[in-house]
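The next block holds one structure in the form of C-alpha cells; read it before the comments.
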Amino acid sequence: MFHSAIESRLRAAVSALVPTADPATIQVKPASEARFGDFQSNSLMLVAKAARMNPRQLASDVVARLDVSELCEPVEIAGPGFLNFRLTRQALEQWLSDAACGKPVLIPKAETPRTVVLDFSSPNVAKPMHVGHIRSTGIGEALQRMWRLLGHRVISDNHIGDWGTQFGKLLVGWKELLDRQALESDPIAEMERLYKTVNTQCDADPARLEMARQELVRLQAGDPENLAIWKEMIRLSQVQFDTLYGRMGTRFDHTLGESFYNAELGSVVEALLAAGIARLSDGAVAVFSDRTLSPKEDPFLVSRDGEWVDVPALIRKSDGGFNYMTTDLATVDYRIRTWAPDEILYVVDDRQSGHFRGLFHVFARWQPEAYRKTQLRHIGFGKILGEDGKPFKTRSGDTVRLADLLDEAEERALQVVTEKRPDLDPSERREIARIVGLGAVKWQDLLPNRQSDYVFSWDKMLALQGNTAPYVQYQYTRAAKVVRDSGAPTAAQPIALTEPAEIALAKHLMNLGFTLQAAAEECRPNYLCNYLHELAGLYSSFYEACPVLKAEEPARSTRLALCRLSAQVLRLGLETLGIEVTEKM
RNA sequence: GCACCGGUAGCUCAAUUGGAUAGAGCUUCUGACUUCGGAUCAGAAGGUUGCAGGUUCAAGUCCUGCCCGGUGUACCA
C-alpha cells in the first residue's frame with residue numbers, strides 16, 4: 001500500500017524535525033484531483049500551526065529529509081504547504097503486476113485487529129419484517145463484511161424482540177382468537193392479526209388491558225402454558241427470519257434476544273440502586289441526571305417553560321416490569337464480560353439516538369472501568385421515504401413488508417432481463433433477475449449517506465445506467481468475459497502502462513484499500529459504493545478506448561491484467577456490500 | 001419550549017469529517033457504432049452550498065443568531 005508507506009515515512013521525517021508533533025495528525029490520502037498527483041498531505045500546515053512555524057519552510061525542510069524516491073517523482077510543495085506525491089510509472093507497474101498475480105497488495109490487514117460486537121437487524125417476534133429492517137440489516141451486514149475483510153474480529157448478534165409487553169396481548173389473542181388454519185398458512189400474518197385485534201380492544205376496554213397484563217405476568221413468572229405458546233411464537237418467527245436472512249445473504253454469529261437477559265434484569269436494577277445511581281420515583285426505579293454535564297448536553301434534562309426538568313431513564317416500571325433500558329444495560333454488561341470487545345456498534349434507526357445517549361451515559365456511571373475500555377457507538381440511519389416525500393408505504397397505507405419488497409424487486413428485474421436477454425432460458429433469467437433485483441435494492445439503500453433519509457424509487461434503482469447496482473454488475477460481466485475469453489493463466493506477465501485510460505484505471509484499483517479502511521472506520525458503506533461506481537465507469541472507459549484481446553504485446557498482457565483485477569475488485573467490493581455478481585446478464 | 005438530524009445543480013444524492021477550481025447520476029442537447037456482449041462510450045449545459053455575521057493560510061463542513069423540514073421529549077421498543 002503506497003499511501004501507508006508514504007505516510008509512515010512522512011511521520012518519521014516530521015517527528016525528526018518537530019518532536020512535539022502528534023503522529024496521528026500526519027496523514028496521506030488519495031489526491032482530490034489528478035493534477036495534484038496521486039497522493040496528498042495537508043498535515044504539515046496543521047503541524048506548523050501547532051508549533052508556530054512557517055508552513056512553507058517546514059514543508060521544504062521535511063521534503064529534504066523525506067526519501068520516497070523509489071516510489072514517487074520528486075515531491076512537490078504547493079499552495080500554503082500541501083505536499084503532492086506522484087507515483088513513478090515503474091512503481092505503479094510493479095504494483096499492478098503484483099496485484100494481478102495474486103500478491104496481497106490489495107487489502108491492508110489491520111495491524112492491531114480489534115474485536116467488534118455488531119448489533120443489527122433486531123426484528124420483533126410475531127411481527128413481519130418490513131422495509132425498516134432493510135437499512136439495519138443491509139448496513140450491518142456490509143459493516144460485518146468490511147471489518148472482517150480488514151482482519152478484525154467481528155461478533156454479530158441479532159438482538160431480537162422476543163420479550164416484552166406485546167406478549168401479554170399476543171397471549172390473550174392466541175388463547176381466544178387463534179385461527180389454526182390461518183396460522184398454518186401464514187403464521188406471521190395470523191400473529192399480527194391477533195396482536196392488532198387485542199391491541200384495539202385494549203385501547204377501548206381497560207379490563208381487556210388488565211387481562212393482557214395478567215397473561216404477561218404469568219409468562220414472566222414461568223407459567224408452563226404461556227411459556228409453551230411463547231416458544232411456539234418464537235419458533236414460527238424464526239422460520240420467517242431465516243428465510244429472509246437467507247435471501248438477503250445475512251448471517252449472525254448469535255441471536256441473543258431480549259429474553260436471554262431476563263434473569264439478569266433484577267440484579268441490574270439492584271446494582272444501580274445500591275450504587276446510588278438509580279432511585280425510586282413515582283413507584284418506578286429511575287436514573288436521574290447526575291448534573292455532571294451542562295443541561296444542554298445532559299440526556300436526562302429537558303427544558304420546559306424555561307426551566308430544566310428531569311427526564312430520567314426508567315429501569316423498572318411502577319408495576320415491577322422492566323423495559324428496554326434495563327435489557328440494554330444487561331446486554332452491554334453481558335457482551336463486555338463475554339467477548340471483551342474494543343467496540344460495540346448498534347446499527348439502529350436515528351430516532352433512537354436519544355435512547356442510546358442515555359444508555360451509554362448510565363452504563364458509564366455503572367461501570368466506569370468497562371466503559372473506558374469499550375467504545376459504544378450508535379450507528380444511526382435515516383428513514384426510507386416514498387416518492388411523495390412521506391414515509392414509504394403501500395398504496396393502501398400499510399407498511400411495506402420486506403418479503404413483498406424483495407419479491408417485487410426480483411419480479412421487476414425479471415421483466416428487464418426478459419426484454420434484454422430473450423436468448424437465455426427461463427431459469428437462467430430468473431437467477432439473473434434474483435441477483436440483479438436484490439442487488440438493486442441493497443445498492444439503493446447503501447448508496448446514500450446513512451444518516452440522511454432517502455427516497456425509494458423502483459425506476460431509479462433498476463435503471464440500467466447511472467449509479468445503480470445493475471450498472472456495476474454489468475461492468476463486472478464485461479471484465480470477467482474478457483478474462484475468460486483470453487484463456488490466459490494468472491501468471492506474471494510483462495506490464496507496460498501507456499494509455500491514459502490504463503493509468504487512470506490502475507491508480508483507482510490501487511485505492512481500494514484506502515477506501516475500505518475509511519468506510520469501515522466511519523461505518524459508511526457508501527464510500528465503497530461510490531468507489532465501485534467510479535471503478536465501473538473507469539473500467540468501461542478503458543474497455544472502450546483500449547482493445548484487449550486484439551492488442552499486441554505487451555499491451556495485451558497489461559490490459560488483461562487490468563481486466564482481471566477490475567473484475568476481481570468489482571466482485572470483491574460488491575460481495576462486501578452483500579451484493580452478488582453474475583457472469584451473464 | 002428544549003434537544004438531535006437535515007436544507008448542496010431542474011430532480012435524486014456525494015463530498016473520506018477544516019483542504020486546493022463543490023462532484024456523480026437522472027433529465028435536456030450534441031456526437032461515436034455492421035461492438036473483445038450497446039444494460040456502452042465521448043462531450044456540452046446546469047451552483048451566491050437556506051439567510052446573516054464570525055473564527056483562519058483555508059469553511060458545504062467549526063462558532064453565534066435567524067428561516068424552513070423531519071424526529072424525539074419517564075412507565076412501548
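The values are calculated or read from the model by the stated rules, or taken from the named source; none is laboratory data. Quick caveat: nothing in here was measured; it's all calculated off a predicted structure. Quick reminder, even Gly has a Cβ in these numbers, built from the backbone with ideal geometry, and neighbours come from all protein chains shown. Side chains included, ligands, DNA and RNA excluded: accessible areas come from the protein's heavy atoms. Shrake-Rupley method; radii C 1.70, N 1.55, O 1.52, S 1.80 Å.
Does A:E534 count as more than 8 Å from RNA strand B (Cβ to nearest atom), out of contact with any Pro (no Cβ under 7 Å at 6 or more places or on another chain) and open to solvent by 40 Å² or more (accessible area, probe 1.4 Å)? Taking the combined requirement at face value, the residue does not satisfy it.
Anything in the stretch A:476-496 that is more than 8 Å from RNA strand B (Cβ to nearest atom), over 18 Å from A:N530 (Cα atoms) and either at pLDDT 95 or above or in contact with a Ser or Thr (Cβ under 6 Å, 6 or more places away or on another chain) (or both)? List them, or say none. The answer is A:A479, A:Q493, A:P494, A:I495, A:A496. Only residues that are surrounded by fewer than 14 Cβ atoms within 10 Å (Cβ to Cβ) and in contact with a helix residue (DSSP H, G or I) (Cβ under 7 Å, 6 or more places away or on another chain) were counted in the stretch A:1-24, giving 1. Reported count of residues in the stretch A:404-425, each being open to solvent by less than 80 Å² (accessible area, probe 1.4 Å), over 19 Å from A:E580 (Cβ atoms) and acidic (D, E), is 1.
List the helices (runs of 4 or more DSSP H) inside the stretch A:1-67, counting only whole elements, that have at least 3 residues being more than 9 Å from RNA strand B (Cβ to nearest atom). In the stretch A:1-67, the matching helices (runs of 4 or more DSSP H) lie at A:2-17, A:55-65.
Any idea which of A:S32, A:S41, A:S69 is open to solvent by less than 90 Å² (accessible area, probe 1.4 Å) and over 20 Å from A:S15 (Cα atoms)? Step by step, each of A:S32, A:S41, A:S69 is checked, and only A:S32 is open to solvent by less than 90 Å² (accessible area, probe 1.4 Å) and over 20 Å from A:S15 (Cα atoms). Given the criteria open to solvent by less than 60 Å² (accessible area, probe 1.4 Å) and free of Cβ contacts under 8 Å to residues at least 40 places away in the same chain, does A:G389 qualify? Against the criterion (open to solvent by less than 60 Å² (accessible area, probe 1.4 Å) and free of Cβ contacts under 8 Å to residues at least 40 places away in the same chain), A:G389 does not qualify. Does A:E428 count as within 16 Å of RNA strand B (Cβ to nearest atom), buried (at least 18 other Cβ atoms within 10 Å of the Cβ) and either hydroxyl-bearing (S, T, Y) or farther than 30 Å from A:A278 by Cβ (or both)? Taking the combined requirement at face value, the residue does not satisfy it.
If only one of A:A496, A:A518 is closer than 30 Å to A:Q444 by Cβ and surrounded by fewer than 19 Cβ atoms within 10 Å (Cβ to Cβ), which one is it?
A:A518
Scanning the stretch A:442-471 for residues that are under 21 Å from A:G573 (Cβ atoms) and among the small types (G, A, S) turns up A:A463, A:G466, A:A469. Within the stretch A:502-515, the set of residues being of a type outside the set (S, T, Y), open to solvent by 10 Å² or more (accessible area, probe 1.4 Å) and either closer than 15 Å to A:A34 by Cα or in contact with a Leu (Cβ under 9 Å, 6 or more places away or on another chain) (or both) comprises A:I503, A:A504, A:K507, A:H508, A:M510, A:N511. Applying the criterion of being open to solvent by less than 10 Å² (accessible area, probe 1.4 Å) and part of a helix (DSSP H, G or I) to the residues of the stretch A:462-475, the residue that is nearest to RNA strand B (Cβ to nearest atom) is A:P470. Considering A:R291, A:R304, the condition of being more than 9 Å from RNA strand B (Cβ to nearest atom) and either of a type in the set (K, R) or open to solvent by 20 Å² or more (accessible area, probe 1.4 Å) (or both) is satisfied by A:R291 alone. Against the condition in contact (Cβ under 8 Å) with a residue 60 or more places away in the chain, open to solvent by less than 20 Å² (accessible area, probe 1.4 Å) and of a type in the set (V, I, T), how does A:T326 come out, does it pass? For A:T326, the condition - in contact (Cβ under 8 Å) with a residue 60 or more places away in the chain, open to solvent by less than 20 Å² (accessible area, probe 1.4 Å) and of a type in the set (V, I, T) - is met. For A:L92, the conditions (1) more than 22 Å from A:A12 (Cα to Cα); (2) open to solvent by 20 Å² or more (accessible area, probe 1.4 Å) are fulfilled apart from (2).
Give the residue that is farthest from A:S122 (Cα to Cα), with candidates limited to residues of the stretch A:323-373 that are in contact with a Phe, Trp or Tyr (Cβ under 7 Å, 6 or more places away or on another chain) and among the charged types (D, E, K, R). Within the stretch A:323-373, the match that is farthest from A:S122 (Cα to Cα) is A:D350. Here A:R372, A:R351, A:R337 are screened, and the one residue that is within 15 Å of RNA strand B (Cβ to nearest atom), open to solvent by 20 Å² or more (accessible area, probe 1.4 Å) and not in a loop (DSSP other than H, G, I, E, B) is A:R351.
I'd like the full set of residues that are in contact (Cβ under 8 Å) with a residue 24 or more places away in the chain and open to solvent by 10 Å² or more (accessible area, probe 1.4 Å), limited to the stretch A:163-182. I'd like the intermediate steps shown before the answer.
In the first step, residues of the stretch A:163-182 are kept if they are in contact (Cβ under 8 Å) with a residue 24 or more places away in the chain; the result is A:163-175.
Once the filter is applied, which keeps residues that are in contact (Cβ under 8 Å) with a residue 24 or more places away in the chain and open to solvent by 10 Å² or more (accessible area, probe 1.4 Å), the stretch A:163-182 yields A:W163, A:G164, A:T165, A:Q166, A:K169, A:W174, A:K175.
For the stretch A:125-198, which helices (runs of 4 or more DSSP H) that fit wholly inside it have 1 or more residues that are under 28 Å from A:K383 (Cα atoms)?
It comes to A:132-149, A:166-177.
Just to be sure, is A:A263 among the small types (G, A, S) and assigned to a helix (DSSP H, G or I)?
Details: among the small types (G, A, S): yes; assigned to a helix (DSSP H, G or I): yes.
For A:A263, the condition - among the small types (G, A, S) and assigned to a helix (DSSP H, G or I) - is met.
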